[in-house]
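These notes concern the structure reproduced below.
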Amino acid sequence: MHQVTAPFAPALALPVLDEALARRLSERLAVVEELLAGHCRARTAYVSQAASHLMAAGGKRFRPLLVLLAAETGPHPERDEVLTAACVVELTHVASLYHDDVMDEADLRRGADTANARWDNNTAILTGDFLFGRSSELTADLGPEAVRIQARTFTRLVEGQILETVAPEPGEDALAHYLEVVAGKTGSLIATSARYGAMFAGAPAAVVEALTRYGEIVGSAFQLSDDILDIASDSVESGKTPGTDLREGVPTLPVLMAQASTDPEDARLLELLAADLTDDELHAEALGLLRKHPAMDEARAYVVARAEEAKALLGALEPGPVRTALEAFADIVATRSA
Ligand code: FPP
Ligand code: MG
């Protein structure tokens with residue numbers, strides 16, 4: 001029996017109606033949490049502290065939860081490889097957040113100071129690399145197929161993040177460009193989470209394939225709802241500074257939808273969206289106008305439609321509590337408020 005010693009114990013970020021399934025997932029998630037805390041420990045106190053910083057600050061642990069849930073579709077959800085894979089995806093994710101907060105010059109994440117704010121950019125970047133190294137060590141334990149999947153996932157994730165910093169090609173649709181960014185930087189790792197879970201639990205190939213595609217769409221929907229929350233929430237709800245994408249000039253779904261407006265009443269908003277929003281006053285004005293713009297609901301409806309698309313793929317699974325929980329997972333991702 002594993003003794004849970006991690007300082008952060010995540011609640012199951014999902015209403016699972018089946019009590020036995022909910023208990024299994026909670027217990028395994030607690031084990032993953034303990035393992036993650038161990039993987040953040042380094043030889044020196046400084047690195048241990050920097051590497052544990054974001055992990056201990058919390059998070060929803062969506063990716064490990066999806067690994068564990070997808071594993072329930074196979075005959076061996078209890079295998080150690082499933083737990084290792086859950087650690088791999090969360091360590092990769094957290095590593096990418098250290099880098100992301102440097103790129104975004106963010107000072108708040110999970111309600112805590114970011115590593116770049118608390119220490120400095122060098123520490124944040126290298127700590128991200130450290131965690132990515134840890135994740136790679138664990139992936140090696142999972143074998144060559146996992147290494148190949150992880151490498152491919154990581155190149156997609158990084159390419160998506162790079163694409164976010166460049167404008168669409170001439171003639172390329174701005175929404176299509178943005179959806180490619182989102183699929184790369186977030187869809188890829190969430191697709192791999194679902195794939196690893198099913199694969200290491202020994203699920204049939206058709207189920208592994210369906211869950212990989214489900215994860216890709218749910219992952220994109222997750223990022224789209226994150227982008228909506230970046231505009232809609234205050235920092236108490238999200239644990240982040242609102243309007244970061246606007247300030248950084250990243251045109252996310254609500255912005256792209258608002259920019260399509262031909263309503264003369266939107267003239268001021270469109271002017272602001274085309275301006276440099278690093279100025280606090282202009283930024284606050286744009287955020288205020290965008291929050292009450294119909295593009296917000298339009299963006300939300302788009303995300304709900306993507307979640308429905310993901311749920312339709314679950315037809316490849318046996319009906320039952322696991323499929324129901326995966327459906328709920330897609331719904332929560334689309335309608336989350338934090
Ligand atoms: C969050 O985006 C960021 C990502 C989903 C991925 C970022 C990936 C990198 C920075 C490359 C990582 C490289 C290594 C070596 C680990 P966001 O800013 O839209 O979300 P936020 O609101 O959570 O900040
Ligand atoms: Mg960010």
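The values are calculated or read from the model by the stated rules, or taken from the named source; none is laboratory data. Just so we're clear, the structure is a prediction, and the values are computed from it rather than from any experiment. All Cβ positions, even for glycine, are placed from backbone atoms using ideal geometry, and neighbour counts span all protein chains on display. Protein only, heavy atoms only, side chains kept; ligands, DNA and RNA dropped before computing areas. Shrake-Rupley method; radii C 1.70, N 1.55, O 1.52, S 1.80 Å.
Quick rundown of the values:
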item: Ala20 vs. criteria farther than 26 Å from Ser337 by Cα, touching a Phe, Trp or Tyr at 6+ places or on another chain (Cβ under 6 Å) and assigned to a helix (DSSP H, G or I); result: no
item: Tally, over region 23-47, of residues that are closer than 23 Å to Val82 by Cα and not in a helix (DSSP H, G or I); result: 2
item: Total residues in region 48-74, condition part of a loop (DSSP other than H, G, I, E, B), open to solvent by 10 Å² or more (accessible area, probe 1.4 Å) and of a type outside the set (Lys, Arg); result: 5
item: Of all residues making up region 85-129, the number that are away from ligand 2 (no atom under 12 Å from the Cβ), among the polar types (S, T, N, Q) and open to solvent by less than 30 Å² (accessible area, probe 1.4 Å); result: 3
item: Some residue of region 283-303 being assigned to a loop (DSSP other than H, G, I, E, B) and either touching a Pro at 6+ places or on another chain (Cβ under 9 Å) or surrounded by 15 or more Cβ atoms within 10 Å (Cβ to Cβ) (or both); result: yes
item: Qualifying residue in region 61-80 (condition: within 16 Å of ligand 1 (Cβ to nearest atom), within 30 Å of Pro321 (Cα to Cα) and out of contact with any helix residue (DSSP H, G or I) (no Cβ under 6 Å at 6 or more places or on another chain)); result: yes
item: Considering residues of region 161-191 that are within 11 Å of Glu216 (Cβ to Cβ) and touching a residue at least 60 places away in the same chain (Cβ under 8 Å) only, the residue farthest from ligand 1 (Cβ to nearest atom); result: Ile190
item: Region 89-111 residues that are among the basic types (Lys, Arg), paired with ones that are within 10 Å of ligand 2 (Cβ to nearest atom) (beta carbon under 7 Å, 6 or more apart); result: Arg109/Leu97; Arg109/Asp101; Arg109/Lys240
item: Those residues of region 75-84 which are within 19 Å of the chain's Cα centre (by Cα) and exposed (fewer than 15 other Cβ atoms within 10 Å of the Cβ), in sequence order; result: none
item: Residues of region 230-288 classified as more than 26 Å from Val166 (Cβ to Cβ), of a type in the set (Ser, Thr, Tyr) and more than 15 Å from ligand 2 (Cβ to nearest atom), total; result: 1
item: Residues of region 224-244 that turn out to be open to solvent by 20 Å² or more (accessible area, probe 1.4 Å) and either at pLDDT 90 or above or touching a Phe, Trp or Tyr at 6+ places or on another chain (Cβ under 7 Å) (or both), as a count; result: 4
item: Check on Ile162, open to solvent by less than 60 Å² (accessible area, probe 1.4 Å) and at pLDDT 95 or above; result: no
item: Tabulated pairs, region 41-63, first of a type in the set (Gly, Ala, Ser), second open to solvent by 40 Å² or more (accessible area, probe 1.4 Å) and outside any helix (DSSP H, G or I), C-beta under 6 angstrom, 6+ apart or interchain; result: Ser48/Arg41; Ala56/Pro7; Ala56/Phe8; Ala57/Arg110; Gly58/Phe8; Gly58/Arg110; Gly59/Arg110
item: Selection within region 20-45 - open to solvent by 40 Å² or more (accessible area, probe 1.4 Å) and of a type in the set (Val, Ile, Thr); result: Thr44
item: Criterion: closer than 24 Å to Leu36 by Cβ and either at pLDDT below 95 or in contact with an Asp or Glu (Cβ under 6 Å, 6 or more places away or on another chain) (or both) - qualifying residue of Gly143, Gly187, Gly171; result: Gly187
item: Every pair of residues 6+ apart whose Cβ atoms lie under 7 Å, when the first sits in region 236-247 and is under 20 Å from Tyr178 (Cβ atoms) and free of Cβ contacts under 8 Å to residues at least 24 places away in the same chain while the second is open to solvent by less than 30 Å² (accessible area, probe 1.4 Å) and among the hydroxyl-bearing types (Ser, Thr, Tyr); result: Asp245/Thr252
item: Index of the failed condition, Leu12 passing every other in (1) part of a helix (DSSP H, G or I); (2) touching a Leu at 6+ places or on another chain (Cβ under 7 Å); result: (1)
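Each row is one residue, and each column tells you yes or no for (1) under 17 Å from the mean Cα position of the chain (by Cα); (2) open to solvent by less than 50 Å² (accessible area, probe 1.4 Å).
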position: Ala174; (1), (2): no, yes
position: Tyr178; (1), (2): yes, yes
position: Lys185; (1), (2): yes, yes
position: Ser193; (1), (2): yes, yes
position: Phe200; (1), (2): no, yes
position: Gly215; (1), (2): yes, yes
position: Pro264; (1), (2): no, no
position: Glu271; (1), (2): no, no
